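Visitor: Quick one: the structure is below, and I'll ask about it shortly.
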Amino acid sequence: MKSNMSSKLLFINLFFISVCPFLAVANTPSEMADLSLQELFALSTDDMDMRTYEPWHFNFLYKRSKLDGYLNGNDKVSNDEVYFDGDELRTDDNYPILPTTITQESYIANISYFLAKEQSISISLPYIVQSTDHISLVPDYDEFNISSDGVGDITVNFTTLLNSWDSEKLSLSVGVSLPTGSIDEEGDTPRAEGDQQLPYTMQLGSGTWDLPIGLSYINDQDSYLWGVNLFAKIRSGKNDRDYRLGNRFAASLWSKWKVNNAFHPVMKVVFQDWGQIVGQDDEITVPNPKFPYPAGITKPSNYGGKKVSVVVGADIILYSQAFAIEIGKPVYQNLNGIQTKETLNFSLNWQNSF
Amino acid sequence: MRLILKNKQKQYNILIVCLLFFMSIPFSFAKPNVSKHHQIMAGLLLHITSFTQWQAQENQSINLCILGDDLFEEYINDMVKRRPQTRSGKLIVITRSQQISQASVNTCQIIYADPKKLAQLWATLPAQHNILLVSQSKEFINQGGMVNFVRDNKRVKLEVNLPAVLDAKLKLSSALLKHATIISGNPHRKISERKTHDEN
């Protein structure tokens, strides 16, 4: 399995390396140098889009988020309150297994092909690495770590310009997320000897065919840009394990300043709303009719909530390469049930076109 | 033990991705992030070198000095590689600087000034010169500038302050002027600006 993953990563990288030399043949400045004065005065930026848009775009995105500490709704609760240590009363709100820190990383390769001006299809290939530290009441498992990694759900998107004005654009993106990520990840948990099915957070995909849809508005001024993005991911049916993840909605308001050619600071406010898990994976419960959930992350109603994050970052041109770096911190979280809270997220994006 | 091995395998995977990613960067040639308006302006700037006549005809090259933030980046260099000479056969040389001095200003035949550097330009420019001054600022013509790029919706247009051009003993071809909006700005404004700056 591991060598299979490595081979896939190797393939993606080798593909990328193999196409890079073709980037050098783009000749837009030469074309521009050949235009007459009359042609230059007659040329509009729209004409240039028609003349010079690059058909292939490549993105490589690294994302990392860390979840640490607990919230009940939007009230902070301590690990001691959520952890059932055997001496107190067992309730629906405490558990004998307690995830303490969850780290999630994604490496996403995205390739877009422009069918026409402002109209593209893209495919995203995520590779997910996640790890959770736990404490538990079970002997020999008082402190343990579970991790999983592999290819996530591949997404295919179609993006088109709906309308444009002088300095404004409105775009629509619709797609489909394929259930390519595993929902059968196993690991050594205190439930039994050997490997067992891991909880929802440690799975690599949704197991369902999902429909991502997005609406993007951009207003481009001389010294700054601002915009609004709306996004929804609608889940369909239930997966082979008889559950589906909650629908996800997000809205963001952002602004980007054009300080100079190489540095554009960015600020965003992002609102997210995502639903509880519908159905249940019975394999991750324990045969205790009163308390079937050994950990909070095995209970479907302990998923979903609302979150507002502030994100700061910058678009940077470094050694002729375009990078975007962002750091986000939630300023408001209201989570369903008892859940680990996000503390920080980080992303680094590299983009090229050819 | 199994966990340690799993983590090590994961680290190797990440290492391979990072290594190959960074190895691939030197092979790639990302195009500069020059706005479409600035690509047109770069084309026009190079044409202006052919449609301007300076007093001193003996120069073998036309020095286009870019003062301040360079929004043309490598794009204009690549254009010059394609068209290295003016119509009269003079080599086009591009120099860039954040500061301009009274010693260096006279080496330029054209100065394209970042609007943020206009105060420095006016403070440095001698009272009499033979340099074509180009910029992109609403106040440029009123301040004594000669050729101003104007973003007109999705196109680029030219404003020309003819009195300032003539005052600097420059000639612009009618082929260029017929595309431009002729504005009679104050040719001497720059001198008064310079005096004010000196007094301060």
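Visitor: Filter region A:177-206 for residues that are under 23 Å from A:Ile97 (Cβ atoms), under 23 Å from the mean Cα position of the chain (by Cα) and among the small types (Gly, Ala, Ser) and give the result. Please lay out each step first, then the result.
Guide: Within region A:177-206, the subset under 23 Å from A:Ile97 (Cβ atoms) is A:182-204.
Then drop every residue that is not under 23 Å from the mean Cα position of the chain (by Cα), which leaves A:182-186, A:198-204.
Selection gives A:Ser182 alone.
Visitor: Regarding region A:129-139, can at least one residue be identified that is touching a Lys or Arg at 6+ places or on another chain (Cβ under 7 Å) and in contact (Cβ under 8 Å) with a residue 24 or more places away in the chain? Spell out how you get there, then give the answer.
Guide: Within region A:129-139, the first condition is being touching a Lys or Arg at 6+ places or on another chain (Cβ under 7 Å), and the residues that meet it are A:129.
Subset that is in contact (Cβ under 8 Å) with a residue 24 or more places away in the chain: A:129.
Yes, region A:129-139 contains at least one residue that is touching a Lys or Arg at 6+ places or on another chain (Cβ under 7 Å) and in contact (Cβ under 8 Å) with a residue 24 or more places away in the chain.
Visitor: Would you please list the contacts, defined by Cβ atoms under 9 Å and residues six or more apart or on different chains, that run from a residue in region A:338-351 that is within 15 Å of A:Val308 (Cβ to Cβ) to a residue that is assigned to a strand (DSSP E or B) and aromatic (Phe, Trp, Tyr)?
Guide: Taking only residues 6 or more apart or on different chains, the pairs are A:Lys341/A:Tyr70.
Visitor: I'd like the full set of residues that are touching a His at 6+ places or on another chain (Cβ under 7 Å) and assigned to a strand (DSSP E or B), limited to region B:144-169.
Guide: Correct list: B:Arg151, B:Val156, B:Leu158.
Visitor: Residue by residue through region A:21-76, note down the ones that are modelled with pLDDT of 85 or more and assigned to a loop (DSSP other than H, G, I, E, B).
Guide: A:Asn74
Visitor: Residue by residue through region A:182-197, note down the ones that are in a loop (DSSP other than H, G, I, E, B) and farther than 12 Å from A:Gly150 by Cβ.
Guide: A:Thr189, A:Pro190, A:Arg191, A:Ala192, A:Glu193, A:Gly194
Visitor: Just wondering, is there one or more residues in region A:210-223 that are modelled with pLDDT of 95 or more, in contact with a Ser or Thr (Cβ under 8 Å, 6 or more places away or on another chain), over 30 Å from B:His38 (Cβ atoms) and within 14 Å of another protein chain (Cβ to nearest Cβ)?
Guide: Looking through region A:210-223, none of the residues is modelled with pLDDT of 95 or more, in contact with a Ser or Thr (Cβ under 8 Å, 6 or more places away or on another chain), over 30 Å from B:His38 (Cβ atoms) and within 14 Å of another protein chain (Cβ to nearest Cβ).
Visitor: Those residues that are farther than 30 Å from A:Thr100 by Cβ and in contact with a Lys or Arg (Cβ under 7 Å, 6 or more places away or on another chain), I need them from region A:144-176; list them, please.
Guide: Within region A:144-176, A:Leu161 is the sole residue that qualifies.
Visitor: When you scan region A:198-223, how many residues do you find that are free of Cβ contacts under 8 Å to residues at least 60 places away in the same chain, of a type outside the set (Ser, Thr, Tyr) and assigned to a loop (DSSP other than H, G, I, E, B)?
Guide: 6
Visitor: Sticking with this structure for a sec: Mind listing whichever residues of region A:84-139 are surrounded by fewer than 16 Cβ atoms within 10 Å (Cβ to Cβ), aliphatic (A, V, I, L, M) and under 19 Å from the mean Cα position of the chain (by Cα)?
Guide: Within region A:84-139, A:Ile121, A:Ile123 meet the criteria.
Visitor: Hey, can you tell me all the residues within region B:108-123 that are free of Cβ contacts under 8 Å to residues at least 60 places away in the same chain and more than 18 Å from B:Ile94 (Cα to Cα)?
Guide: Result: B:Pro115, B:Lys116, B:Leu118, B:Gln120.
Visitor: Residues being within 14 Å of chain B (Cβ to nearest Cβ) and of a type in the set (S, T, N, Q): count how many of those fall in region A:111-143.
Guide: 3
Visitor: Residues being more than 14 Å from chain B (Cβ to nearest Cβ), under 28 Å from A:Ile317 (Cα atoms) and surrounded by fewer than 18 Cβ atoms within 10 Å (Cβ to Cβ): count how many of those fall in region A:331-354. Before the answer, list the steps.
Guide: Within region A:331-354, the subset more than 14 Å from chain B (Cβ to nearest Cβ) is A:331-347.
Subsequent filtering for residues that are under 28 Å from A:Ile317 (Cα atoms) retains A:344-347.
From what is left, the residues that are surrounded by fewer than 18 Cβ atoms within 10 Å (Cβ to Cβ) are A:344, A:346.
Residues flagged as more than 14 Å from chain B (Cβ to nearest Cβ), under 28 Å from A:Ile317 (Cα atoms) and surrounded by fewer than 18 Cβ atoms within 10 Å (Cβ to Cβ) within region A:331-354 amount to 2.
Visitor: Same structure, new question: Can you go through A:Ile102, A:Ile123 and tell me which one is closer than 30 Å to A:Leu211 by Cβ and without any contact (Cβ under 8 Å) to a residue 40 or more places away in the chain? So that I can check it myself, show each step before the final result.
Guide: Values: A:Ile102 fails: without any contact (Cβ under 8 Å) to a residue 40 or more places away in the chain.
Testing whether each residue is closer than 30 Å to A:Leu211 by Cβ and without any contact (Cβ under 8 Å) to a residue 40 or more places away in the chain leaves just A:Ile123.
Visitor: Ok, one more. Is it the case, given these coordinates, that A:Val174 is part of a strand (DSSP E or B) and within 12 Å of another protein chain (Cβ to nearest Cβ)?
Guide: For A:Val174, the condition - part of a strand (DSSP E or B) and within 12 Å of another protein chain (Cβ to nearest Cβ) - is not met.
Visitor: Now for a different question. Do we have any residue at all in region A:313-330 that's away from chain B (no Cβ under 14 Å), of a type in the set (A, V, I, L, M) and either surrounded by 17 or more Cβ atoms within 10 Å (Cβ to Cβ) or under 30 Å from A:Asp188 (Cα atoms) (or both)? First the steps, then the outcome.
Guide: Residues of region A:313-330 that are away from chain B (no Cβ under 14 Å), as a first pass: A:313, A:325-330.
Going one step further and asking which of them are of a type in the set (A, V, I, L, M), we end up with A:325, A:327.
The next check asks that each one be either surrounded by 17 or more Cβ atoms within 10 Å (Cβ to Cβ) or under 30 Å from A:Asp188 (Cα atoms) (or both); those that pass are none.
No: zero hits.
Visitor: Of the conditions (1) surrounded by 14 or more Cβ atoms within 10 Å (Cβ to Cβ); (2) away from chain A (no Cβ under 14 Å), B:Thr95 fails just one. Which one is it?
Guide: B:Thr95 satisfies every listed condition except (1).
Visitor: Then there is this: Among the residues of region B:53-96, count how many are more than 30 Å from A:Ser223 (Cβ to Cβ) and in contact (Cβ under 8 Å) with a residue 24 or more places away in the chain.
Guide: The qualifying residues number 15.
Visitor: Going by the structure shown, is A:Ala232 more than 28 Å from A:Leu137 (Cβ to Cβ), surrounded by fewer than 17 Cβ atoms within 10 Å (Cβ to Cβ) and out of contact with any helix residue (DSSP H, G or I) (no Cβ under 6 Å at 6 or more places or on another chain)?
Guide: Values: more than 28 Å from A:Leu137 (Cβ to Cβ): yes; surrounded by fewer than 17 Cβ atoms within 10 Å (Cβ to Cβ): yes; out of contact with any helix residue (DSSP H, G or I) (no Cβ under 6 Å at 6 or more places or on another chain): yes.
In short, yes.
Residue by residue, here is whether (1) buried (at least 18 other Cβ atoms within 10 Å of the Cβ); (2) within 20 Å of A:Gln351 (Cβ to Cβ); (3) at pLDDT 80 or above; (4) not aromatic (Phe, Trp, Tyr) holds:
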site	(1), (2), (3), (4)
B:Met23	no, yes, no, yes
B:Asn33	no, yes, no, yes
B:Gln39	yes, yes, yes, yes
B:Ala42	yes, no, yes, yes
B:Asn59	no, no, no, yes
B:Ile62	yes, no, yes, yes
B:Cys65	yes, no, yes, yes
B:Ile76	yes, no, yes, yes
B:Arg82	no, no, yes, yes
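Visitor: Can you report the number of residues in region B:53-86 which are within 11 Å of chain A (Cβ to nearest Cβ) and either of a type in the set (D, E, K, R) or closer than 24 Å to B:Leu125 by Cβ (or both)?
Guide: Counting residues in region B:53-86 that are within 11 Å of chain A (Cβ to nearest Cβ) and either of a type in the set (D, E, K, R) or closer than 24 Å to B:Leu125 by Cβ (or both) gives 12.
The values are calculated or read from the model by the stated rules, or taken from the named source; none is laboratory data. Everything numeric in this text was worked out from a predicted model, so none of it was measured. Cβ sites come from the backbone with ideal geometry, for glycine too, and all protein chains shown count toward neighbours.
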